[in-house]
1. Tell me the residue from 142, 113, 117, 100 that is open to solvent by less than 50 Å² (accessible area, probe 1.4 Å) and of a type in the set (Lys, Arg), please.
2. Yes or no: residue 189 under 21 Å from residue 237 (Cβ atoms) and in contact (Cβ under 8 Å) with a residue 24 or more places away in the chain?
3. Does residue 209 satisfy the criteria of being open to solvent by less than 60 Å² (accessible area, probe 1.4 Å) and part of a loop (DSSP other than H, G, I, E, B)?
4. Please go through segment 174-212 and pick out each residue that is of a type in the set (Lys, Arg) and more than 20 Å from residue 8 (Cα to Cα).
5. Checking residue 136 against (1) open to solvent by less than 40 Å² (accessible area, probe 1.4 Å); (2) without any contact (Cβ under 8 Å) to a residue 40 or more places away in the chain; (3) touching a Pro at 6+ places or on another chain (Cβ under 6 Å): exactly one of these is not met. Which one?
6. Filter segment 1-35 for residues that are crowded, with 21+ Cβ neighbours inside 10 Å and closer than 16 Å to residue 209 by Cα; which is farthest from the chain's Cα centre (by Cα)?
7. Kindly indicate the residue of segment 145-157 that is open to solvent by 40 Å² or more (accessible area, probe 1.4 Å) and either out of contact with any strand residue (DSSP E or B) (no Cβ under 7 Å at 6 or more places or on another chain) or without any contact (Cβ under 8 Å) to a residue 24 or more places away in the chain (or both) and also farthest from residue 72 (Cα to Cα) among those meeting that condition.
8. Could you please find all residues in segment 158-169 being closer than 15 Å to residue 121 by Cβ and crowded, with 17+ Cβ neighbours inside 10 Å?
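The values are calculated or read from the model by the stated rules, or taken from the named source; none is laboratory data. As the structure is a computational prediction, the values presented were derived from the model and not from experiment. Because the Cβ atoms are built from the backbone with ideal geometry, glycine has one as well, and the counts that use them run over all protein chains shown. What goes into the accessible areas is simple: the full protein's heavy atoms, side chains included, and nothing from ligands, DNA or RNA. Shrake-Rupley method; radii C 1.70, N 1.55, O 1.52, S 1.80 Å.
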Amino acid sequence: MDDKIKELKKIIDESKNIVFFGGAGVSTESGIPDFRSANGIYNQDLGRTVSPEEMISHTFYMRHPEDFFEFYKDKLIYENAEPNDCHKALAELEKQGKVKAIVTQNIDGLHQKAGSKVVWELHGSTLRNYCENCHAYYSLEKVLESKGVPTCDRCGGRVKPDVVLYEEGLDSDVIDGAVRAISNADTLIVGGTTLIVYPAAGLIHYFHGKKLVLINMSATSADSSADLVIHEKIGEVFAQVMGWE
């Protein structure tokens, strides 16, 4: 175990209220690509004249729903993905009373699948879908089984994933919960995010606790203000901290 892993373990052992703030890099070890790395979604050649960023915007969703759902189902849904050691470790640390909340930018539901109970999903979840007209709830299967645009069995309205698209605002209740959690934390562990996407990335400014830890493969804008910075795969880091490898 190297010095940085030992230091992270010491921080966790001495903390009573840890909040984890995570991004796409948390799920890459589960086989879900991130957005901005060399192999990320935004750097893939889609053979289209519009960018992936445009295709998951509210404007594109409204104007070209068929194309939106084709892209959405192909690139943003990973129904067979399983939690990796990061997800599992955080769930275990929650059981131990160490981790009080997870704030995630991810939409894959893997934190809950691993067993975490308090998860603030800033950008929603692919697992929840609602009719735009009557608000009937549908599971992921509804979207996957639909040909073209999924429609409501009750009223025929369009079924929209409970995912925050570009140009859409974040849910105020989720933001409030995330801010409260981060504000009350004595340790904030930020992992798998470049801290580029706002307003989500701005939430770390509500942290006024003792220890700020950053775990990401590449450098972030907050590295200089962190107490501990680790540039390694986050699943492997947590596996070492938990003594699983």
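1. Details: 113 fails: open to solvent by less than 50 Å² (accessible area, probe 1.4 Å); 117 fails: open to solvent by less than 50 Å² (accessible area, probe 1.4 Å); 100 fails: open to solvent by less than 50 Å² (accessible area, probe 1.4 Å).
Residue meeting the stated conditions: 142.
2. yes
3. Taking the combined requirement at face value, the residue satisfies it.
4. First pass over segment 174-212, keeping only residues of a type in the set (Lys, Arg): 180, 210-211.
Hit for segment 174-212 is 180, nothing else.
5. (3)
6. It comes out as 15.
7. Ranking the candidates gives 154 first.
8. 161, 162, 163, 164, 165, listed by residue number.
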